[in-house]
Amino acid sequence: GLDLAELDGVAVGAGPGSFTGLRIGMATAKGLCMACDLPLLTVPTLAGLALPCASGAAPVCAMLDARRGEVYAGVYELEDGHLVAKDENVVLPVADLLPDLPRPILLVGDGACAYREEIRAYLGSAAHFAPEAFGLPCGGAIGLLGTELLARGDVADLASVEPRYLRRYHQI
């Protein structure tokens with residue numbers, strides 16, 4: 001219900017995620033920014049997945065199924081009311097991720113659902129799972145995180161910004 005003139009910026013989930021989805025989202029966001037002279041705010045997709053579940057009680061590991069037996073993963077915590085990444089987002093087999101996770105940990109995303117049994121077997125009662133309804137990144141969370149970026153002046157360069165795939169893209 002907003003007019004484009006009412007926007008202060010455009011936030012976009014910048015990845016990781018599907019190659020096609022990231023390219024379409026980034027192209028659309030860049031086009032809006034160029035046409036309306038607005039700043040672009042690039043938010044890690046995993047942060048948008050983690051934010052709705054972050055409470056400060058335990059770190060959140062956001063996991064998206066990357067296929068090929070791998071997950072995109074990032075660990076986040078609330079600090080002074082702000083979501084903070086505890087490390088770089090990664091793509092790797094879930095078995096390689098589990099030894100380094102903090103305990104206890106709240107796991108969210110379709111990757112956590114896909115590998116629930118393996119995670120539970122390794123982490124036992126230290127693993128807590130968010131409801132499956134939280135399985136995909138939330139546009140509202142991307143917007144809220146984008147607002148924080150805008151307040152800090154952390155805007156993307158429209159000419160050079162690209163999606164963060166984490167996995168190399170191969171032309172067919």
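The values are calculated or read from the model by the stated rules, or taken from the named source; none is laboratory data. Everything numeric in this text was worked out from a predicted model, so none of it was measured. Because the Cβ atoms are built from the backbone with ideal geometry, glycine has one as well, and the counts that use them run over all protein chains shown. The area values use the complete protein model at the heavy-atom level, side chains included, leaving out ligands, DNA and RNA. Shrake-Rupley method; radii C 1.70, N 1.55, O 1.52, S 1.80 Å.
Residue count for segment 1-46, restricted to those that are outside any loop (DSSP other than H, G, I, E, B) and touching a strand residue (DSSP E or B) at 6+ places or on another chain (Cβ under 7 Å): 16.
Can you go through Met34, Met26 and tell me which one is touching a residue at least 60 places away in the same chain (Cβ under 8 Å), open to solvent by less than 20 Å² (accessible area, probe 1.4 Å) and either out of contact with any helix residue (DSSP H, G or I) (no Cβ under 8 Å at 6 or more places or on another chain) or of a type in the set (Asp, Glu) (or both)? Break it down into steps so the answer makes sense when it comes.
On the way: Met34 fails: open to solvent by less than 20 Å² (accessible area, probe 1.4 Å).
The conditions single out Met26.
Quick check: is even one residue across segment 72-86 part of a helix (DSSP H, G or I) and open to solvent by 10 Å² or more (accessible area, probe 1.4 Å)? No. Filtering segment 101-125 to residues that are open to solvent by 20 Å² or more (accessible area, probe 1.4 Å) and either modelled with pLDDT under 95 or of a type in the set (A, V, I, L, M, F, W, C) (or both) leaves Leu106, Cys113, Ala114, Ala121.
So that you can scan it fast, the table gives a plain yes or no per residue for (1) touching a residue at least 24 places away in the same chain (Cβ under 8 Å); (2) of a type in the set (D, E, K, R):
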residue	(1), (2)
Val10	yes, no
Leu40	yes, no
Leu46	yes, no
Ala54	yes, no
Pro59	yes, no
Asp65	yes, yes
Glu70	yes, yes
Leu78	yes, no
Asp96	no, yes
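Considering the conditions (1) on the phi > 0 side of the Ramachandran plot; (2) at pLDDT 95 or above, Leu166 is excluded by exactly one of them, (2).
Just one of the listed residues (Ala73, Ala29, Ala35) is among the aliphatic types (A, V, I, L, M) and more than 16 Å from Pro137 (Cβ to Cβ), namely Ala35.
Out of curiosity, is Gly81 at pLDDT below 95, touching a strand residue (DSSP E or B) at 6+ places or on another chain (Cβ under 6 Å) and not aromatic (Phe, Trp, Tyr)? No. Quick one: which of Ala57, Ala62 is loosely packed, with under 15 Cβ neighbours inside 10 Å and more than 16 Å from Leu150 (Cα to Cα)? Sole residue among the options that is loosely packed, with under 15 Cβ neighbours inside 10 Å and more than 16 Å from Leu150 (Cα to Cα): Ala57. Count of segment 117-139 residues, restricted to those that are assigned to a helix (DSSP H, G or I), free of Cβ contacts under 8 Å to residues at least 40 places away in the same chain and at negative phi, is 11.
Screening Lys30 against (1) touching a Phe, Trp or Tyr at 6+ places or on another chain (Cβ under 7 Å); (2) modelled with pLDDT of 95 or more leaves a single unmet condition, (1).
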